[in-house]
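The values are calculated or read from the model by the stated rules, or taken from the named source; none is laboratory data. None of the values given here were measured: they were computed from a predicted structure. Counting neighbours? That spans all protein chains shown, and the Cβs are built from the backbone with ideal geometry, glycine included.
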Amino acid sequence: MLSDNEIAFCAPSYKRHDGCFTQQTYPFVQYVVAESESDSYIKNGHKVIVAPDSAQGNLCRIRNWILDNIESKRIILLDDDIKAICRYQNQKAKKLNADEFMEFCEMAYVMADDLDIKYWGLNCLPDKGAYREYTPFCMRAYIGGPFQAFNGMKDLRYDEKIFLKEDYDMTLQVLAKYKRVLRFNAYHYVAKQHTNKGGCADYRTIEREKQHNAMLQQKWGTKIVQMDKSGNKNGYDINPIIKIPGSGV
């Protein structure tokens, strides 16, 4: 059992006993796997938290299981294919080692406590052009799925119907209720994401992406969730544009 001040680093993993590598760089991360798959992960030398098979097969369901069953108020959910957490320093991306990453997370939670922030994350783009030095933090911005940090927020849960857009939906849920999130723009994650086998790749298709974007838009409205038809040669971008009402960054 963890104390409220200890951070639980959890990475849901599904059908990737030989394709997950977050633990290689950050060994305090634990993979959360279905009971029927746990032996294959353990044989590959991975540290695991075992969840019932019924909790797997839907990314939102397993994330909700973690939030309901991990006894710490400080829970960070990561993807299982994180190559690095990086910080821009002197115009270059510096990879954080395990100690540096832990120190950053501890500092981030202190800041979140001071600001009464329930949900925080990192810049979702590794491109230097996405980091504006004069905007080190955002409080009304999208928090990407590969890294989502919870700070005692036990009242909101992922919508299992929108499991391909769960991070957009969770960001909007938190903003609707608590009015702000916290995103550290100097820090970003590098993850394999859509190109890795297993996980969401087993059920992610363009048609499903379109269906889930439509459900997200129906839930939050066309003024808040908009589709980008300009940035893709096929005329469709799987990532929606989120417009948060009101002022602020």
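Residue by residue through region 110-142, note down the ones that are touching a strand residue (DSSP E or B) at 6+ places or on another chain (Cβ under 7 Å), of a type in the set (S, T, Y) and assigned to a loop (DSSP other than H, G, I, E, B).
Of everything in region 110-142, those that are touching a strand residue (DSSP E or B) at 6+ places or on another chain (Cβ under 7 Å), of a type in the set (S, T, Y) and assigned to a loop (DSSP other than H, G, I, E, B) turn out to be Y131, T135, Y142.
Going by the structure shown, is Y178 in contact (Cβ under 8 Å) with a residue 60 or more places away in the chain, hydroxyl-bearing (S, T, Y) and surrounded by fewer than 22 Cβ atoms within 10 Å (Cβ to Cβ)?
yes
Determine, yes or no, whether A93 is over 19 Å from the mean Cα position of the chain (by Cα) and small (G, A, S).
So A93 passes the test.
Taking V50 as the residue in question, decide whether it is of a type outside the set (D, E, K, R) and under 17 Å from the mean Cα position of the chain (by Cα).
So V50 fails the test.
Which residues, counting only those in region 171-192, are within 30 Å of D18 (Cα to Cα) and not basic (K, R)? Give the steps one after another, and end with the answer.
From region 171-192, those within 30 Å of D18 (Cα to Cα) are 187-192; that's our starting set.
Listed by number, the residues that qualify are Y187, H188, Y189, V190, A191.
Please state which one of A141, A112 is of a type in the set (A, V, I, L, M, F, W, C), over 20 Å from Q23 (Cα atoms), in contact with a Phe, Trp or Tyr (Cβ under 6 Å, 6 or more places away or on another chain) and in contact (Cβ under 8 Å) with a residue 60 or more places away in the chain.
Result of the check over A141, A112: A112.
Restricting attention to region 152-170, does a residue exist that is touching a helix residue (DSSP H, G or I) at 6+ places or on another chain (Cβ under 6 Å), surrounded by fewer than 19 Cβ atoms within 10 Å (Cβ to Cβ) and outside any loop (DSSP other than H, G, I, E, B)?
yes
Quick one: which residue in Q56, Q30, Q23 is closer than 30 Å to D114 by Cβ and without any contact (Cβ under 8 Å) to a residue 60 or more places away in the chain?
Answer to the check: Q30.
List the helices (runs of 4 or more DSSP H) that sit entirely inside region 17-109 and contain at least 3 residues that are modelled with pLDDT under 95 and surrounded by fewer than 19 Cβ atoms within 10 Å (Cβ to Cβ).
Here the list is empty.
Tell me the residue from G145, G199, G231, G246 that is touching a strand residue (DSSP E or B) at 6+ places or on another chain (Cβ under 9 Å) and at pLDDT below 95, please.
G199
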